[in-house]
1. Whether any residue in segment 314-337 is open to solvent by 20 Å² or more (accessible area, probe 1.4 Å), in the same structural domain as Ala178 (by TED's automatic domain parsing), over 25 Å from Leu229 (Cβ atoms) and not basic (Lys, Arg) is what I want to check.
2. Restricting attention to segment 39-78, report how many residues are away from ligand 1 (no atom under 16 Å from the Cβ) and either in contact with a Phe, Trp or Tyr (Cβ under 9 Å, 6 or more places away or on another chain) or aromatic (Phe, Trp, Tyr) (or both).
3. Take segment 182-213 and flag every residue that is within 16 Å of ligand 2 (Cβ to nearest atom) and open to solvent by less than 10 Å² (accessible area, probe 1.4 Å).
4. Is it true that Leu285 is among the hydrophobic types (A, V, I, L, M, F, W, C) and within 30 Å of Cys85 (Cβ to Cβ)?
5. Go through segment 302-334 and count every residue that is touching a residue at least 40 places away in the same chain (Cβ under 8 Å), within 14 Å of ligand 1 (Cβ to nearest atom) and more than 16 Å from Ala58 (Cβ to Cβ).
6. Would you mind listing the helices (runs of 4 or more DSSP H) fully within segment 247-354 where at least 1 residues are closer than 23 Å to Ile215 by Cβ?
7. Which of the residues that make up segment 164-181 are of a type in the set (A, V, I, L, M) and either away from ligand 2 (no atom under 13 Å from the Cβ) or assigned by TED's automatic domain parsing to the domain that holds Ala348 (or both)?
8. Condition (residue is within 20 Å of the chain's Cα centre (by Cα) and modelled with pLDDT of 95 or more) applied to segment 222-244: is it met by at least one residue?
Amino acid sequence: MVRGVGAEPRVEQITLPAPGPGEVRVAIRAAGICHSDLSMVNGTLTPPYPLVLGHEAAGIVVAAGDRVDRVRAGDHVVLNWAPPCRECWYCAHGEPWLCAATGAPAAPRGTALADGASLHVTLGLGALAEEVVVAENAVIPVPAELPCELTALLGCAVLTGFGAVRRTAGVAAGDAVAVIGLGGVGLATVAAARAAGAAPVIAVDRAENKRELAIAAGASDFLLSDDTLNRSVRTLTGGRGVDHAFECVGRAATIRVAWRATRRGGQVIVVGMGARDDMLELSALDIFHSARVLRSSVYGSSDPDRDLPELAGAALDGTLDLAPLITDRIVLDEAPAALRRMARGEGARSVVLF
Ligand code: APR
Ligand code: ZN
């Protein structure tokens, strides 16, 4: 839990209520640490505090409230941080990832801290915890045979990366792709581009230690994001630039890196979630002349209820290898250290095992 911007995250004791009507209680078995968690600690994002971090997790249902028919005790589930309401304009128009009702960091009714302060949970989940009480539509059943440490990643990094490639961008075989920023989200994007038959798949980071991880995830080339990047990208793409560049950092500066790496008429997909006041400067003439498209990919433009089981199936039959995304398996007490590693740009996913 984090008490405010810049405060050291700490493990604290809270008491959860029994699940009410339409709610389920889940024992978390594995939870990944995502850059969005770090952003909520360092103030890049400023949700209400005190806040239970975590939104990428898998576990086992321990109790279901009244009127729950989607799951029952014993089911293995992945948490969904953007459960669509299925009623608003966006849901009715086939864009459930833009659902008007998602995102409020409400805590389960009746949860409060010992000092009486009201508690908030990340994206309705607060998944860096032993147990959670969440809305029924925020859990998605997955096969029990899949290890929870892998299914946890489906809930954010993998759904985001695969959705960005397949659904937002529509990458086709033979397309040239660049991925800027090689954390869990970027590496999942690399894997998805490879699976789509993209070539080359150019992985870009400012940290040299990402080279091996990128190649393991399926990149054909690794480039440092230094002054030579543009020239190297053009050398690999017949002088043009890539068809699709995915920004997986969440900064205006790296959106510009992606912009410059893209060919005329290509597209830049912003996957990272940046700060409100981090402004992007582009030349009006360049926008016109380069004919590039700049678009964002919220939760991979996915419908998690439809797409997550498909990815789980691919992980089960071996066509999707998620193991390279995990570099650290830790206990909850080590989560603050894992956030510090992430801030230094080290490793890929740290997964807390319970
Ligand atoms: N140029 C290139 N790479 C950079 C730069 C930069 N200027 N700055 C940071 N990076 C790299 C880091 O070295 C790291 O490898 O971006 C990567 C980010 O990885 P993580 O911190 O692990 O982040 P991740 O969890 O993958 O999330 C990426 O997606 O969901 C959003 O909020 C999330 O904005 C974040 C983004
Ligand atoms: Zn995330």
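1. no
2. The first filter runs over segment 39-78 and keeps only residues away from ligand 1 (no atom under 16 Å from the Cβ), leaving 48-50, 52, 58-78.
Checking which are either in contact with a Phe, Trp or Tyr (Cβ under 9 Å, 6 or more places away or on another chain) or aromatic (Phe, Trp, Tyr) (or both) leaves us with 49, 59.
The number of residues fulfilling the criteria is 2.
3. Across segment 182-213, the qualifying residues are Leu182, Gly184, Gly186, Leu187, Ala188, Thr189, Ala192.
4. Working: among the hydrophobic types (A, V, I, L, M, F, W, C): yes; within 30 Å of Cys85 (Cβ to Cβ): no.
No, not satisfied.
5. 3
6. 252-261, 304-316, 335-343
7. Going through segment 164-181, the residues of a type in the set (A, V, I, L, M) turn out to be 164-165, 169, 171-173, 176-180.
Val165, Ala169, Val171, Ala172, Ala173, Ala176, Val177, Ala178, Val179, Ile180, listed by residue number.
8. Yes, segment 222-244 contains at least one residue that is within 20 Å of the chain's Cα centre (by Cα) and modelled with pLDDT of 95 or more.
The values are calculated or read from the model by the stated rules, or taken from the named source; none is laboratory data. These numbers were taken from a predicted model, which means no experiment stands behind them. Note: ideal-geometry Cβ built from the backbone for every residue, glycine included; neighbour counts use all protein chains shown. What goes into the accessible areas is simple: the full protein's heavy atoms, side chains included, and nothing from ligands, DNA or RNA. Shrake-Rupley method; radii C 1.70, N 1.55, O 1.52, S 1.80 Å.
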